[in-house]
Amino acid sequence: MTTEDEARRVREEAERIEARRLHLSEAVMKGDEKALEEDRRLELRIRELARLPMEGNQDEGRGRDEA
């Protein structure tokens with residue numbers, strides 16, 4: 001999988017997660033514990049996804065510095 005493909009996959013997953021979080025928002029605001037738990041889990045996944053492209057860029061940067 002190319003870097004562009006991976007970035008697209010990450011973006012698409014993040015968009016699906018955000019759509020799910022939006023769907024949950026009313027239940028979360030009403031204090032639904034299950035919805036709140038799922039929202040937190042989804043937020044953590046978005047944070048994980050946000051780090052992926054950065055880690056790849058850092059690796060590429062190291063390779064150029066070491067050469």
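The values are calculated or read from the model by the stated rules, or taken from the named source; none is laboratory data. All of these numbers come straight from a predicted model, not from anything done at the bench. Here the Cβ positions follow ideal geometry from the backbone for every residue, glycine too, while neighbour counts run over all protein chains shown.
Look at E38 and say whether it is loosely packed, with under 12 Cβ neighbours inside 10 Å and modelled with pLDDT of 90 or more. Show your work before the answer.
Values: loosely packed, with under 12 Cβ neighbours inside 10 Å: no; modelled with pLDDT of 90 or more: yes.
When the stated conditions are applied, E38 does not pass them.
So, in segment 1-19, of the ones that are closer than 21 Å to D39 by Cα and free of Cβ contacts under 8 Å to residues at least 12 places away in the same chain, which residue ends up farthest from the chain's Cα centre (by Cα)?
First pass over segment 1-19, keeping only residues closer than 21 Å to D39 by Cα: 9-19.
With free of Cβ contacts under 8 Å to residues at least 12 places away in the same chain added as a condition, the list becomes 9, 11-12, 15-16, 19.
Working: R9: 10, R11: 8, E12: 9, E15: 8, R16: 10, A19: 12 Å.
Across segment 1-19, the extreme among qualifying residues is A19.
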Please go through segment 20-35 and pick out each residue that is loosely packed, with under 11 Cβ neighbours inside 10 Å and under 15 Å from the mean Cα position of the chain (by Cα).
-> L22
Do any residues in segment 38-67 that are over 22 Å from D5 (Cβ atoms) and outside any helix (DSSP H, G or I) have Cβ atoms under 8 Å from those of residues that are of a type in the set (V, I, T) and at pLDDT 55 or above, where the two are at least six apart or on different chains, and which pairs are they?
-> none
